[in-house]
Amino acid sequence: METLNVRAGFLCNHEVLTLLQAQRDSRTKEVKLLSAAKQARVAKLGRKPYANEQEDEETHRLQPTELHTVTFECIKYLEESVHPIRRQTSSSISKLLKALKSYDLTKAERLSIVNLAPLDLVHIVVVASPPPPPSFLPSLTSSLSPPKTRWRSQATAKAHRRVDSHAPSKHTLRLHEGLPRRLSSLLTQLRTGRSHLRAHLFKTHVASDPLCDCGALETTAHFFLECTLYETERAHLRTEIAPDKLGLALLLSQRKHVRATLRFAIDSGRFPRFSGTTTTPPATREGGASVS
């Protein structure tokens, strides 16, 4: 293979993450279309297609195991809270690069400053020599958006935003008050789209099929609101929550309904590792102290 252009340009971490997320979303969209075709075939044949049928081969072509794993791990690494990329946006990086043009820095030094976002001179000296003067620090600070603003722009927060318009805050902590650790874990999984439902496992390439046993795409909304396999459990849920108000935001974002929602999930048998976990609030002594 012949190299036509050596180092034509640099990509900062934010650009790499944006590119990988766009590729992932594009592949996921195509796979969903294939899943819809498979679902139609299920309805026609009255059975689930075999694993080696055409749609599964096409799905593997769109999402090769090796490429999917590398993409997933890269995105996971870049989205970790230790990286300033979580508080950067395209516009803030552009402003930072304009400010850096005033100083005698190489491309590599400018790239390091964008990726590392050092906020004091000691760290700037490590990546740039000679370093910009102290008057440059406000430009660096302003390139980092507040955490809540960055959270709302994160592609990984889509599942959370579908059930809760609030960024993680004290409101979120109140939802978990009094819950056993296992139930708190299940609630977090359901709110962030990282549970053992097949549509969630399919995104991380753990499951080869995103379909529910009823033939539909097994998403959080389908599990709680639509699946015909859990009508009995859903009837019990409706006795505790007004039937006309049933919705994901109500079930997973309002503290008074969280226990009933988790009881539905456990009673359905869909989450066997949580079976046997009680959803009853701990008894309290007079004065408010809980009885262990």
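What are the semi-axes of the equivalent ellipsoid of the stretch 70-117, taken as the square roots of 5 times the eigenvalues of the Cα gyration tensor, listed largest first and rounded to whole Å? Could the numbers behind the result be given before it?
Details: eigenvalues 115, 28, 14 Å².
Taking √(5λ) for each Cα gyration eigenvalue gives 24, 12, 8 Å.
Which order do peptides 218-231, 94-107, 186-199, 29-42 fall in by mean Cβ count within 10 Å, highest first?
Highest-to-lowest ranking by the protection proxy: 186-199, 218-231, 29-42, 94-107.
Here is the link list: Lys29/Lys76; Lys76/Lys170; Lys76/Lys256; Lys76/Lys107; Lys38/Lys245; Lys44/Lys203. Which ones come out longer than 29 Å on Cα distance?
From the list (Lys29/Lys76; Lys76/Lys170; Lys76/Lys256; Lys76/Lys107; Lys38/Lys245; Lys44/Lys203), the Cα-Cα distance tops 29 Å for Lys76/Lys256; Lys38/Lys245.
Amide H neighbours of Leu217 under 5 Å, counting only residues 5+ apart in sequence or on other chains, H built in-plane at 1.01 Å?
Excluding prolines and chain starts, which carry no amide H, the hits are Cys212.
Please give the length that would be gained between Ala249 and Leu19 if that part of the chain were fully extended, namely 0.36 nm times their separation in residues minus their C-alpha to C-alpha distance (nm, one decimal).
Between Ala249 and Leu19, full extension yields 79.7 nm more.
With every protein chain kept in the model, how would you rank Arg161, Arg24 by accessible area, 1.4 Å probe, largest at the top?
In descending accessible area the options line up as Arg161, Arg24.
What distance in nm lies between label points placed 7 Å from Cα along the C-beta direction at Glu30 and Leu11?
1.7 nm
Where Lys and Arg each count +1 and Asp and Glu each count -1, what net charge lies around Leu229 among other residues with Cβ under 11 Å from its Cβ?
Taking every other residue near Leu229 into account, the sum is -3.
What full-extension length gain, to one decimal in nm, is calculated for Leu116 and Val70 as 0.36 nm per residue of separation minus the Cα-Cα distance?
My answer for the length gained is 14.3 nm.
Compute the FRET efficiency between Glu79 and Asp213 as 1/(1 + (r/R0)^6), taking r as their Cβ-Cβ distance and R0 = 25 Å, and round to the nearest 0.05.
Working: r = 32 Å, r/R0 = 1.28.
So, using R0 = 25 Å, E works out to roughly 0.20.
Give me the percent relative contact order of the stretch 192-233, please, defined on Cα pairs under 8 angstrom at least 6 residues apart.
30 percent
Distance from a point 7 Å along Cα→Cβ of Val126 to each backbone N in the stretch 75-119: keep the residues under 14 Å and list them by number.
Output list for this probe position: 83-84, 112-119.
Quick check: pseudo-label points 7 Å beyond the Cα along Cα→Cβ at Lys44 and Glu240, how many nm apart are they?
About 4.2 nm, to one decimal.
Counting Lys and Arg as +1 and Asp and Glu as -1, what is the net charge of the other residues whose Cβ lies under 13 Å from the Cβ of Ala260?
Result for the local shell: +4.
Can you compute the FRET efficiency between Lys98 and Thr232 using 1/(1 + (r/R0)^6), with r the Cβ-Cβ distance and R0 = 45 Å? Round to the nearest 0.05.
0.15
The values are calculated or read from the model by the stated rules, or taken from the named source; none is laboratory data. None of these values were measured; they are calculated from a predicted model. Reconstructed Cβ throughout: ideal geometry from the backbone, glycine too, with neighbour counts over all protein chains shown. In case anyone asks, the SASA skips ligands and DNA or RNA and just uses the protein heavy atoms, side chains included. Shrake-Rupley method; radii C 1.70, N 1.55, O 1.52, S 1.80 Å.
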